[in-house]
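No lab work stands behind these numbers, since they all come straight from the coordinates. Bear in mind that the values here come from a model prediction, so they are computed numbers and not experimental data. For neighbour counting, all protein chains shown are included, and Cβ atoms are generated from backbone atoms with ideal geometry for every residue, glycine included.
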Amino acid sequence: MLQDSSKPKTEPELLEVSSKYYNFQDVLKRMENDKHITIQDFRSNQHYYSASFEVTRIRILLSWPNWGFARFFNPLTVQILSWKPRAVYYPGFANAEQCQSIIEMAKITLEPSTLALRKGETEETTKGTRTSSGTFISASEDKSGTLDIIEEKIARATMIPKTHGEEFNVLRYEIGQRYLSHYDAFNPDEYGPQKSQRVASFLLYLSDVEEGGETIFPFENGLNMDINYNFKECIGLKVKPRQGDGLLFYSLFPNGTIDQMSLHGSCPVIKGEKWVATKWIRNQEDYY
């Protein structure tokens, strides 16, 4: 029997963000329709308020009744960050030991990160867009079983089978390194015909960052959507990296069109170092 020990010793601390949610009951209804998920809805006594946001927490109990063995996951705390784009935060998704294990695996094969190029783009014209180092690792390569545990937790949290996920892309951002705002989904007009599409992205933060390195959504709630916006300014909904926390956001609407508000990037690291593992989730299993 495998055991996930990622439950923190204390109640996970919710993230303070500048956002608001809409139609929260729709999320609860969708989750209740999944027979493998039991929901205990509660409201925290320590809500964070500002002029534009409110936070609610729910607990999801994950179980595997139809398998030949049991894998028990501790309850997940879920925080809705935004409905435009749809973004969900998972405090305490992994523990420090799991995060460090993934970092040590990635260090062996790190190399400069690359980009999927649009029509007419070259490596030279896109130089400076993405300045991190990275590597791809599949769960099958990890003999410790850490990535397998994380992958299955992501599948249950997203309610999308793990067979739809790409390999983990583990990234390291050093001081000054960034990733300018971009879409994870591929627009066929820019990238050509696509056999499948990225529906959602799950980011697992593997380290704390002293300053900078936030995940940025510049178009959150329709803000900054004009031709004069400077993507290097890192203005918008920001999610500060915190070791062990997860961030899920959706790139596509249910009808398959790209959500323009899912534009996102990584602000430059000002102090410290940022490690993150990204799992891109496709709408089909056979995605290449």
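Distances between placed amide hydrogens fall under 5 Å for His182 paired with His264, Gly265, all partners being 5 or more residues away or on another chain.
How long is the gain from Ile270 to Lys143 if the chain were fully straight, where each residue apart is worth 0.36 nm and the alpha carbon distance is subtracted? Don't skip to the end; give the middle numbers.
Working: separation 127, 0.36 × 127 = 45.72 nm, distance 3.43 nm.
Additional length available on full extension: 42.3 nm.
If a spin label sat at a point 7 angstrom from the Cα of Glu104 along the line to its beta carbon, the backbone N atoms of the range 133-152 nearer than 14 Å would be those of 142-147. For Ser251, enumerate residues with amide H under 5 Å from its amide H, sequence gap 5+ or separate chain, H modeled in the peptide plane. Under 5 Å from the amide H of Ser251 lie the amide H atoms of Ala200, Ser201, each far enough along the sequence or on another chain. Close amide-amide hydrogen proximity is noted between Trp83 and Lys20, Tyr22, each under 5 Å apart and 5 or more residues distant or on a separate chain (H modeled in the peptide plane; Pro and chain starts excluded).
Shape class of the range 136-288 from the Cα gyration tensor (axes a ≥ b ≥ c, square roots of the eigenvalues): oblate, since a/c reaches 1.5 or more and a/b does not exceed b/c.
Here the Karplus relation 6.51 cos²θ - 1.76 cosθ + 1.60, evaluated at θ = phi - 60°, turns the backbone of the range 215-232 into coupling constants of 7, 10, 10, x, 9, 3, 6, x, 6, 6, 7, 9, 6, 8, 5, 9, 5, 7 Hz, with x for every Gly and Pro. Each residue in His182, His164 was given a count of other beta-carbon atoms within 10 angstrom of its own, and listing them fewest first yields His182, His164. The length gained on full extension between His182 and Lys195, counted as 0.36 nm times the residue separation minus their Cα-Cα distance, comes to 2.7 nm. Over the range 83-282, Cα pairs under 8 Å with separation of 6+ residues give a relative contact order of 33 percent.
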